[in-house]
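Here the structure comes first, spelled out in structure tokens, and everything after it is commentary.
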Amino acid sequence: MNVSKLSKEDFKSFVSGLIESEQTVVGVQTKGERFAFGPLTSADDLRLDYDVTILPPKKYLLPQTETLLTYELPCQYKSQFDDRQMILLGAHPYDVVAISQMDMLFSQDEYDNHYMKRRNNTTIIACDVVTPSQNVFASSMGTATVKDGYDILLTDIGDAYVVDAATEKGKALLQGVAGIAQASPDDLAARQAVWDKNAVELNKHPLACKPSDLPELLEKSYDHPVWEEKAQVCFSCGSCNTTCPTCYCFDVQDDVEWDLSGGRRRRAWDGCLLTNFATVAGDHNFRKARADRFRHRLYRKGKYVPSKIGGQIACVGCGRCITACIPDIANPVAIYNTLAEEVASVSSK
Ligand code: SF4
Ligand code: SF4
């Protein structure tokens, strides 16, 4: 019985049981007038009808800051790992895709033990979108619905959830849950209706080309004036990076004790729009111009990262960067559509 149905009342009891277990439960809750992932202490606080969270759930897999190791001189060091078992409750499909992309990036080449340990200790209970956010364009990016990357997927069908357990971890979590029953053909049809609707309607900013066309489009657009034009009003604040579920750059620093007896090595989120992101030894900044940094972000999403993860575009259409950008220049669709129009008009001449 992989696909089941659980009434909303029984689901609440299930969540209360999770909260009482040994695991840390992180779920979506209100934060002022918006929503955020945070530690869940009551099932009443969970909001699976949210539109979008301020920050993506990646903050629980790749925290804003973390200590990687501590050391004592002359040469003793100890890696620091977060061993908590965690349940991530309420990730939307586009965020599930973003996590799957990070899993690929952190497990290839230089295997990242800190990320992967946390990831392997995490059970993802995803949920289909109920309320589209004002800037979502997941339909354009093929991420409005998802077929893998989660342990359990919940679909709200009115008075109940269709509950799809995709992994052994997910099935184990549902063992013995009160009220759980096999989903009927009608329940599955109701779920399909939600998927069909979301695949079309989560599209506030339609992309004018196929996502798979983006690498070639960017290949032709390196010297396009849009980079300079948009960058003129960019604050270099990095909000488009920090709110993005697929941005994963970090900076590593050593904090050394004043008497040189030891210290700790920590990492913190970094962002390619920040002025000193590309500053290296000798104070040389190889992306000093704002336009270069602005262009780099769009190339990362549409060309550089896809070449590392089998062609997947590293923008999942969550729309968070659009909401976060005060001068309203971060919308990837607006830029890609400008480039697509230009290339189309050149090739039609
Ligand atoms: S680039 Fe913007 S829309 Fe795309 S995944 Fe990142 S924050 Fe979301
Ligand atoms: S959020 Fe907007 S202003 Fe801030 S760095 Fe990104 S593009 Fe520039």
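So the values come out like this:
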item: Qualifying positions in the stretch 298-317 - open to solvent by 10 Å² or more (accessible area, probe 1.4 Å) and of a type outside the set (Val, Ile, Thr); result: Arg300, Lys301, Lys303, Tyr304, Ser307, Lys308, Gly310, Gly311, Gln312, Cys315
item: Pick from the stretch 316-338, criterion touching a Pro at 6+ places or on another chain (Cβ under 9 Å) and under 15 Å from Ser133 (Cβ atoms), ranking: farthest from ligand 1 (Cβ to nearest atom); result: Val333
item: Test: residue in the stretch 268-291 that is among the charged types (D, E, K, R), in a strand (DSSP E or B) and without any contact (Cβ under 8 Å) to a residue 24 or more places away in the chain; result: no
item: Selection count, the stretch 18-54, where residues are outside any strand (DSSP E or B), in contact (Cβ under 8 Å) with a residue 12 or more places away in the chain and open to solvent by less than 60 Å² (accessible area, probe 1.4 Å); result: 12
item: Single residue of the stretch 171-189 satisfying the filter (of a type in the set (A, V, I, L, M, F, W, C) and in a loop (DSSP other than H, G, I, E, B)) that is farthest from Phe11 (Cα to Cα); result: Ala183
item: Subset of the stretch 78-116 (residues that are more than 19 Å from Thr145 (Cβ to Cβ), crowded, with 19+ Cβ neighbours inside 10 Å and of a type in the set (Ser, Thr, Tyr)); result: Tyr115
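Residue-by-condition table, conditions (1) hydroxyl-bearing (Ser, Thr, Tyr); (2) on the phi > 0 side of the Ramachandran plot; (3) within 11 Å of ligand 2 (Cβ to nearest atom):
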position	(1), (2), (3)
Ser239	yes, no, yes
Asp270	no, no, no
Leu274	no, no, yes
Arg287	no, no, no
Asp292	no, no, no
Arg297	no, no, yes
Gly311	no, yes, no
Ile322	no, no, yes
Val333	no, no, no
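The values are calculated or read from the model by the stated rules, or taken from the named source; none is laboratory data. Just so it is clear, the model here is predicted, and its values are computed rather than measured. FYI the Cβ positions are ideal-geometry reconstructions off the backbone, even for glycines, and counts take in every protein chain you see. Surface areas here come from the heavy atoms of the whole protein model, side chains and all, with no ligands, DNA or RNA. Shrake-Rupley method; radii C 1.70, N 1.55, O 1.52, S 1.80 Å.
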